[in-house]
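The values are calculated or read from the model by the stated rules, or taken from the named source; none is laboratory data. In this text the structure is predicted, and so the values were computed from the model without any measurement. Methodologically, a virtual Cβ is constructed for each residue, glycine included, from the backbone with ideal geometry; neighbour enumeration extends over all protein chains shown. We work out accessible area using only protein heavy atoms, side chains counted, and drop any ligands, DNA or RNA first. Shrake-Rupley method; radii C 1.70, N 1.55, O 1.52, S 1.80 Å.
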Amino acid sequence: MSDCVFCKIAKGIIPSQKVAETDTLYAFQDINPVASTHILIIPKRHIENNLSLTPEDNQTIGEIFLLANELAVKQGIDKSGFRVVVNNGSDAGQAVFHIHFHLLGGRIMLWPPG
Ligand code: 5GP
Ligand code: ZN
């Protein structure tokens, strides 16, 4: 999508601090981190949010969780614990409408979330 910030980041049009990249995924540091590890994992293909997912995205979603595990190990938060969070829609606080998975860790987190 031409006016989507995360499409532009995935294409390198908007700069970002890249953490990992595959044929289908791009991972980068959140610009406003809320934990010592705060990485965003996105599919390169524009998908608006959870509700836009189709069975064609099954493999991509699986790859996202495996990449999150790999990055959690690299960040040293696999044993202490981490969250993989998707905010869907306005009540959940979704601000960017290109689906993204927050990998959060490095501090104790509360439940329920705010
Ligand atoms: P949401 O609230 O939609 O789940 O999360 C959007 C996230 O994207 C926020 O944590 C915000 O800090 C991050 N973000 C928004 N714009 C940019 C950007 O241009 N670059 C980077 N690296 N992160 C961004
Ligand atoms: Zn997009």
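Taking each residue as 0.36 nm, the span from Ile31 to Arg107 lengthens on full extension beyond its C-alpha to C-alpha distance by 25.6 nm. Rolling a 1.4 Å probe over the heavy atoms of the protein chains gives region 5-105 an accessible area of 56 Å² per residue. Of the residues Val85, Asn32, Leu51, the one whose Cα sits farthest toward the positive end of the charge dipole of the chain, with +1 on the Cβ of Lys and Arg and -1 on the Cβ of Asp and Glu, is Asn32. For region 5-64, taking Cα atoms only, Rg and Dmax work out to 11.9, 34 Å respectively.
Relative contact order for the chain: 30 percent, from Cα pairs under 8 Å spaced at least 6 residues apart, divided by residue count. Within the shell of other residues whose beta carbon sits under 12 angstrom from the beta carbon of Phe6, the net charge comes to +1, with Lys and Arg scored +1 and Asp and Glu -1. In the chain, inverting the average of 1/r over every pair of distinct C-alpha atoms gives 14.5 Å as the Kirkwood radius. To the nearest ten degrees, helix 58-75 and the longest principal axis of the Cα atoms of the chain are 40 degrees apart.
When all protein chains stay in place and ligands, DNA and RNA are ignored, the 1.4 Å accessible-area order of Arg83, Arg45, largest first, is Arg45, Arg83. Nonpolar atom fraction for the chain, defined as the carbon and sulfur part of the 1.4 Å probe accessible area, stands at 56 percent.
FRET efficiency for Thr24 and Asp3, Cβ-Cβ distance as r, R0 = 22 Å, nearest 0.05? With a Förster radius of 22 Å, E is 0.50.
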